[in-house]
Each structure stands twice: as C-alpha cells, then as structure tokens.
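**Q** One structure is given below, represented as structure tokens, and several questions about it will come after.
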Amino acid sequence: ENDSAGRPRFYMYPTKQEAEEQEDGKVVRPFFSKAEFDHRLSKVRAMMLEEGLDAVVLTSMHNIKYFTNFLYCPFGRSYAVVITKDEVVMSTAGTDQQQPRRDEIYGIRNYVYTDWNKQNYLEVLRKEIGHFTKIGYEADHMNCQLFEEMKAYCFSSSADSATTPSSPSSSSGGGEEPAAKRAKTTTGSSDSSLLKFTNVSKLLMKQRLVKTEQEVELIREACKVANQGCDATIAAMKEGVKEWKVAEAGLQKMNELISEKFPASEMRDTWVWFQSGINTDGAHNALTSKPLRKEDLLSFNMFPMIDGYYAALERTGYFGNHISEQHLKYWNVNVEVFEKGREMLQPGKKLGDIAKELNKIYEREGCLEYRTFGYGHSLGIMCHYYGRETILELREDNEMILEPGMVVSMEPHITVPENLPGAGGYREHDILLITETGNENLTNFKYGSKDMIFKV
C-alpha cells in the first residue's frame, strides 16, 4: 500500500505456509515444534475468550518471541503481533527485510512497514484492529506515548477525521503525513464509546510460568553449556590477566557449544560477567580491565542464551593462598542459605514463606543487613534487556505458590561493605525444575570453599 506521494507504507505478505518452513538453504529454524506454538496460541485464545477480547496486541520482545519464534532488535522502532481468534499477524520494520518471515513459525501473516512516514507502524495496527472494540495489550511494555497514539490513530470514527498525534512517535522515523491524506482502512473503525483496553501483561506472564517438556529440555542443555563455560573461565585465570580477558575464554566456549548443539538457532546475547575483588559487590557489575590479583574474592557468572531462553550459573570463588576467616564466614553462611533454599523449592510452597525462612539464617549470623535482593526468580524467555516473569520472584511479599513445571533459580547474595573485613559479594546460583514430588537441580556444578578456592 502506498502513501499520497506514491511511496510504499508497507508491504503485505500472505500467510506463511509449511512449504516455506522447509525451504532449502534456510539457516535459522524454530527450535520448538509447531505443536508447541499451537499449544501456546490455544492458551492465549482461551484467555481472550474468558476476558471477552477481540484481539491481543503484543509489543514486547519476549511475548513476540514466545508466540511467533521471532526475536526482534528494536533500535528505536516498534514491532507488533496481533492475535485474534482466527489469525496471527505480525508487523515488523523494513530494516529487517525478510528475516522475521524466515524466523517465524508458519501460519502467520506479515506486514513489513517502511520509514517513509512515521505513522506507517500505526497504519498497520489500524488495518488489523481498528474495527475491534475490546483490545488486550501489554501495559508493562507499551509506553504511555505509544498507547495514546494507538488509541488516537487506530480507533477514530473515520480515516479522514482521525487526529494525528502531536508528539513524535517512537514507532519509526520519517515525516508526518496530514490526517486527510492517510489511507482509509478497508475494515472500518470502531465506535469509540465501546472501546475497552485490557492489560494482559500478568495473564501472559502467568501462561509462561509453567514450562513444557520442550522448554525444560532447552534449559537443561543450556545449564550444561554454562557449566562448561565456567570450567573454561576458571582455566583462563592467571595473576595479572584482566577480567574481560578471563571472561572471554568462557564466552568463546559457550558460543562454540551452542553452535554445535543448536546450529539452527541465532547466535546472540550470550555473555559472561567475571568479577574480582571489590567488583564482586554487585550482582550485575560489568566486566572491567582490572587485573586479577592474589587474594581476590571472585564471582563467576555464565549466561548462555539459546533461542531467546536464559540460563545462568553463578559461583563465588577465591584466588589466593590465604583466605581470611571473615571471607570464609560470609561465604559459608551464604552457602548454608543456598542449600536450605534449594531444599525448600517444593510444589505447594509459598514464595514469601521461603524468603522469610531463609532470612532467619542471615539474621542468626548477623548478615541480614547485607542481603541486597530477592532469593531467586523464574527462568524462561528473558535477558538483561527483555523478559522477566516478575510474579514469580522469591521475595517476602509474594503470595505465589510453586507448581510442577515451574523453573526457578535459587541465588542468595550478600554484599559486605568495602570498609569491613571480608568485603565483597557472595552469591551462588542454581536452576531448579519444580516436579510433582520436589525439585530437580538442572545445574549441578561445584560450589563452596572446598572446590572454589584456587591456589596461586
């Protein structure tokens, strides 16, 4: 479809067929089966029926990935997937060309919008949802500006009288086209008095909490990759070697393993944080050029990213021959909390109760004030810049109950301030699958002062 100047607003592609999925020469293919994605779509459509929704508009990286297999790279542009009772329609930026269609599952209809006009993204949405009145959206992702623009542009009484948003849109670059020159939708517009928008963020999050067998298998393999990455990182340690250089060995090893085990997956986002000395105080401290020194406290953090799914292995270590009593005290206390926490991850347990019980160990040892964040969280489609199922956080105020099929981390962390003996951060991290009768540890890597002190 073209704008008034004859420039293409977007390109429309028919529903992707199974034959395209088997096209020779295609490098990236969905890891999960079509049946897996059909199961996910059936569950979201059941939710739509229960909530009385005509359509759900997905805009986040994690939910678009979860339902279509495409993980986008925003770079300032907006993306969308519209799910109705009959169709799945995806809108992607022209800068990606055919990559989204190659990556997605078959059964999806596509738009590729251009940058000739900054409203092209909204024009696609209007064509697909402008005639509906009950819309689900992700309030924890779609920002207020885009939400207001969507309402103003997509649900006007007619294409000619729609109000052009006055503020710059984040959806794409380009000039603004007068409202009277916009293309008219072929499906008509909704009665604004009947419009209802429902935030479905938590409902979608809840759907993602319980993992399928295929998801568990992927996470299980990712844990094995993390373990070997940590071994490679340990082997690269030498006095005077910079943090980033030590981490590089673990990163290379994990990427090699992912490429071998998952050759049809995109190679993106896997990373390592290796911290030493005072740099261990924060759980998410970036790599630096600090050289490794004798008597440094260590923190190993491996993050293999496979097909958009996150896994992590985190361990405390020590580089030297003379670890102090204070270092050992804090380390051993944290290991006690870690072991107790793993035992408590059982079906039927309330997350808040687990957190309160673990607090008692820190309190007994005078360390509770050094605890800096929750004890763990859900694992799945997430990274440091997308995802996170916040309703499954191991915190005192969380009433959520653990269920079989959930995949949860146990990762207690305390930070002793820099001016005190034993200063630094102490953290262990395992990934556990909640089963019908207890849990299964998917990590199984050495930890504690017996195995993680490295003599110089």
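**Q** Looking at (1) without any contact (Cβ under 8 Å) to a residue 60 or more places away in the chain; (2) within 30 Å of A423 (Cβ to Cβ); (3) among the basic types (K, R); (4) surrounded by fewer than 16 Cβ atoms within 10 Å (Cβ to Cβ), can you tell me which one K242 breaks?
**A** Exception for K242: condition (4).
**Q** Hey, any hits in region 135-150 for a residue that's part of a loop (DSSP other than H, G, I, E, B) and open to solvent by less than 40 Å² (accessible area, probe 1.4 Å)?
**A** yes
**Q** Quick check: is even one residue across region 99-110 in a strand (DSSP E or B) and open to solvent by 10 Å² or more (accessible area, probe 1.4 Å)?
**A** yes
**Q** Also: Tell me whether region 357-364 contains one or more residues that are touching a Lys or Arg at 6+ places or on another chain (Cβ under 7 Å), in a helix (DSSP H, G or I) and under 27 Å from R40 (Cβ atoms).
**A** Looking for residues that are touching a Lys or Arg at 6+ places or on another chain (Cβ under 7 Å), in a helix (DSSP H, G or I) and under 27 Å from R40 (Cβ atoms), one finds none in region 357-364, hence no.
**Q** Determine if region 391-404 includes at least one residue that is surrounded by fewer than 18 Cβ atoms within 10 Å (Cβ to Cβ), outside any loop (DSSP other than H, G, I, E, B) and under 18 Å from the mean Cα position of the chain (by Cα).
**A** Taking every residue of region 391-404 in turn, at least one turns out to be surrounded by fewer than 18 Cβ atoms within 10 Å (Cβ to Cβ), outside any loop (DSSP other than H, G, I, E, B) and under 18 Å from the mean Cα position of the chain (by Cα).
**Q** In addition: Kindly check whether there is at least one residue in region 232-250 that is under 28 Å from T390 (Cα atoms) and more than 19 Å from the chain's Cα centre (by Cα).
**A** no
**Q** Right, another one. On the basis of being more than 30 Å from E221 (Cα to Cα) and either in a helix (DSSP H, G or I) or in contact with a Pro (Cβ under 7 Å, 6 or more places away or on another chain) (or both), does Y375 make the cut?
**A** no
**Q** Given the condition part of a helix (DSSP H, G or I), open to solvent by 40 Å² or more (accessible area, probe 1.4 Å) and within 18 Å of G317 (Cα to Cα), answer yes or no: does some residue in region 256-274 qualify?
**A** Looking for residues that are part of a helix (DSSP H, G or I), open to solvent by 40 Å² or more (accessible area, probe 1.4 Å) and within 18 Å of G317 (Cα to Cα), one finds none in region 256-274, hence no.
**Q** Then there is this: Tally up the residues in region 113-134 that are among the charged types (D, E, K, R) and part of a helix (DSSP H, G or I), please.
**A** 4
**Q** Hey, another quick one. Take F31 and tell me if it is under 21 Å from G308 (Cβ atoms), in contact (Cβ under 8 Å) with a residue 12 or more places away in the chain and surrounded by 21 or more Cβ atoms within 10 Å (Cβ to Cβ).
**A** Against the criterion (under 21 Å from G308 (Cβ atoms), in contact (Cβ under 8 Å) with a residue 12 or more places away in the chain and surrounded by 21 or more Cβ atoms within 10 Å (Cβ to Cβ)), F31 does not qualify.
**Q** Do you know which residues across region 435-450 are without any contact (Cβ under 8 Å) to a residue 40 or more places away in the chain and under 23 Å from the mean Cα position of the chain (by Cα)?
**A** Correct list: E440 only.
For every residue, the table says whether it meets (1) of a type outside the set (V, I, T); (2) within 21 Å of F10 (Cα to Cα).
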| site | (1), (2) |
| --- | --- |
| L49 | yes, no |
| T59 | no, yes |
| N69 | yes, no |
| G76 | yes, yes |
| A80 | yes, yes |
| K85 | yes, no |
| V88 | no, yes |
| Q99 | yes, yes |
| D103 | yes, yes |
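**Q** Do any residues in region 318-336 that are touching a residue at least 12 places away in the same chain (Cβ under 8 Å) and buried (at least 16 other Cβ atoms within 10 Å of the Cβ) have Cβ atoms under 9 Å from those of residues that are in a helix (DSSP H, G or I) and among the aromatic types (F, W, Y), where the two are at least six apart or on different chains, and which pairs are they?
**A** Going by the 9 Å Cβ cut-off, the qualifying pairs are Y318/W331; I323/W331; Y330/Y370; V333/Y362; N334/Y362.
**Q** Among the residues in region 85-97, are any part of a strand (DSSP E or B), at pLDDT 95 or above and surrounded by fewer than 21 Cβ atoms within 10 Å (Cβ to Cβ)?
**A** no
**Q** Also: Go through V81, V28 for me and flag whichever is among the aliphatic types (A, V, I, L, M) and either assigned to a strand (DSSP E or B) or within 28 Å of T198 (Cβ to Cβ) (or both).
**A** So the residue among V81, V28 that is among the aliphatic types (A, V, I, L, M) and either assigned to a strand (DSSP E or B) or within 28 Å of T198 (Cβ to Cβ) (or both) is V81.
The values are calculated or read from the model by the stated rules, or taken from the named source; none is laboratory data. Because the structure is predicted, anything quoted here is derived from the model rather than measured. Ideal geometry is used to build each Cβ from the backbone, glycine not excepted, and the neighbour counts take in all protein chains shown. Please note that ligands, DNA and RNA were not included when accessible areas were found on the heavy atoms of the full protein model with its side chains. Shrake-Rupley method; radii C 1.70, N 1.55, O 1.52, S 1.80 Å.
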